[in-house]
Structure formats: C-alpha cells, structure tokens
Amino acid sequence: MIWEFKDERPIYIQLMEQIQLKIVSNMYKAGEKIPSVRDLASEASVNPNTMQKALTELERKGLVFSQRTSGRFITEDVQMINNMRNDLAKEKIQEFFFSMGKIGYNKKETIEIVEKIVKEIN
C-alpha cells in the first residue's frame with residue numbers, strides 16, 4: 001500500500017489512519033510485529049518523530065503495543081480489529097450517502113443505483 005498524504009490534515013493523523021487501514025485489511029495481522037519506527041518512517045518518507053507520534057497514539061488506543069527490547073506488535077484482540085473495521089466501513093458508507101445527496105440522490109435512490117451497479121458487475 002502506498003503512503004499518501006493530503007495537506008489539510010496533520011501527517012501523524014494520516015499515518016495513524018493508514019496504519020489502521022493496514023491492520024483492518026489484514027496487511028498487518030493480529031499479534032504480528034510491525035517494522036521499526038525508522039523503517040516505517042523511511043517507507044512513508046516522513047520524519048521518524050512524526051511516525052513515533054502516530055505509533056504512540058495507536059498504542060494509547062490499544063491497537064498497537066510495545067514489548068521491551070522486542071519492538072511493537074499489533075494487538076491480539078481480533079474483536080477490537082473487527083470493530084474498527086466495521087466502524088471504518090460505516091464511516092465510508094456515511095460519506096458515500098452524503099456525497100450522493102450532494103448530487104441529488106436520496107437514500108432510496110442511492111440504494112437502487114448501488115443495487116443496479118452490483119448486478120452489472122456480477
């Protein structure tokens with residue numbers, strides 16, 4: 001997954017979101033060791049202090065934990081990961097409905113067009 005950043009929000013928050021996405025999409029698996037701060041910062045082309053801040057916030061949330069001298073690991077709490085995945089899905093769906101409303105679709109029309117497109121895809 002390519003690291004992408006937008007100017008309107010702090011980089012460390014975007015790093016947190018992208019790491020969360022890697023976790024819920026199973027790129028980083030529950031209990032798995034993640035790369036070092038320096039390696040992640042290099043991969044994302046950001047300052048290591050910025051990456052450290054993002055990882056510290058993820059630790060505070062319980063999504064990542066540190067083991068002395070061993071590094072950082074993804075939580076083993078699969079339910080937490082699944083809840084986060086569902087929350088992200090809900091957020092994206094709400095954004096989608098909001099965007100559809102901006103172009104004149106109500107909820108019923110939006111669902112109808114989604115169903116039509118899904119049938120076309122299959």
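No value in this document is a laboratory result; all are computed from the given coordinates. Given the structure is predicted, the values throughout are model-derived calculations rather than measurements. In this analysis, Cβ positions are derived from the backbone assuming ideal geometry, glycine residues included, and neighbour counts consider all displayed protein chains.
General observations
- Acute angle (nearest 10 degrees) that the helix 107-121 long axis makes with the longest principal axis of the chain, alpha-carbon atoms: 80
- Kirkwood hydrodynamic radius of the chain, Cα pairs, Å: 16.4
- Taking only the Cα atoms of region 11-76, the ratio Rg/Rh comes out at 0.92, with Rh defined as the Kirkwood radius.
- Most mobile of Lys92, Lys61, Lys108 in a GNM of the chain (Cα contacts under 10 Å): Lys108
- Sites Val118 and Asn83 - FRET efficiency at Förster radius 30 Å, r taken between beta-carbons, to 0.05: 0.70
- Environment charge of Arg85, counting only residues whose C-beta is closer than 15 Å and scoring Lys/Arg +1, Asp/Glu -1: +1
- For Lys6, the lysines whose Cα falls under 20 Å of its own Cα, not counting residues fewer than eight places away in the same chain, are Lys22, Lys53, Lys92.
- Mean ellipticity per residue at 222 nm, deg cm²/dmol - from DSSP H runs of n ≥ 4 across the chain, formula -39500 (n - 2.57): -20500 deg cm²/dmol
- Electrostatic bookkeeping for Phe97 treats Lys and Arg as +1 and Asp and Glu as -1; over the other residues with beta carbon under 14 Å from its beta carbon, the sum is +1.
- Spin-label pair Ser42-Lys102: with each label point 7 Å from Cα along the Cα-Cβ axis, the two points sit 3.9 nm from one another.
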